[in-house]
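Input: a single structure, listed below in structure tokens.
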Amino acid sequence: MQPVVVIAIYSVFVVLSSLLGGFLPAVIRLTHRRMQFLISGIGGLMLGIGFFHLLPHSLHTSIGIDRAVVWLMFGLITTFLLIRVFGSHTHGDEAGASDCSGDAHDVHGTESPQGSEVHDHNHTTPGAAKYRWLGLAFGLSLHTLLDGVAMSAAVLGDTSHASGTLFLGFAAFLGILLHKPLDSLSITALMAAGGWSVSWQSVVNVVYAMMCPLGALAFYLGVRDTPHESLAIGCGLAFAAGIFICISLSDLLPELQFHAHDRVPLTILLLCGVVVAYGLKYLEPSHMHDLPSKNTLHDDSKDHDHDEHHHDHHSHDAKE
């Protein structure tokens, strides 16, 4: 199957998943406890995909370990800045989740002693609260464009280096598919809290859902059949690994500080997500998880310089 067809099929499912997340509040009540269970499982899955799939696949291109690590860090820092500036991935409050085994929580999810006063740190005015979703939607839209890049890079990477893969780029696709509903849920829940109508929520939800396919299409058209296709795919995969790792940790690390309750089930779900991510590698050819060959142990630019020096040396001998 052509990679563009695979990307198109994946994009359709991601769009449907994102739309579903936006409409979830009207269908079921996602409590704080249920939301944290979802976040733990999906966070573990995305963490495993970043380390077990995207990073190893990037090393099987021509970019080398040094450049792969640089692009991984670039993806991680970029995602971190999006989260820092636009407040992405704060799923607990936006979902309107409030019950957590009867414990009182403040707006940051921290537990309060029974009977003590819970201080609300949200000092926004009613007018500001109405438009609070705009910053989150903008940040998540940029982030979703990068998700599309990650998905497209994973599909193209498997096409180039693992043609026997059962499902091209499936691990990256699965992580994005499961995480998108949480993001769209955050946006529509904030809009609902700000008094926006269901019709406006639907419009924003549809626009947001289309961001991932746009990112995937842009990366595909930008690198496919170009002289630097392999280099771009490798950098894209490493960049995607940084995105997945940062997203997962931004969801998981707050639990260590703010969620003393349900520690055992949350930890089990996290480990289950990691195990599932590890198991997905059995859908891929075994050579995709072998150690990189010697020519990829260093940056390819260094190898290129070495080859030129070696060529000049032989030319000099031939002249003599």
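The values are calculated or read from the model by the stated rules, or taken from the named source; none is laboratory data. Model, not experiment: these values are computed from the prediction. Keep in mind that these areas ignore ligands, DNA and RNA; they rest on the heavy atoms of the full protein, side chains included. Shrake-Rupley method; radii C 1.70, N 1.55, O 1.52, S 1.80 Å.
Some values worked out for this structure:
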quantity	calculated
Per-residue HN-Hα couplings for region 221-233 [Karplus 6.51, -1.76, 1.60; θ = phi - 60°; Hz; x = Gly/Pro]	5, x, 10, 5, 6, 9, x, 10, 4, 4, 5, 5, 5
Prolate/oblate/rounded label for region 201-266 (Cα gyration tensor, a/c 1.5)	oblate
Accessible area of region 25-86 belonging to carbon and sulfur atoms, whole % at 1.4 Å probe	74 percent
Ranked order, 281, 130 - accessible area, probe 1.4 Å, largest first	130, 281
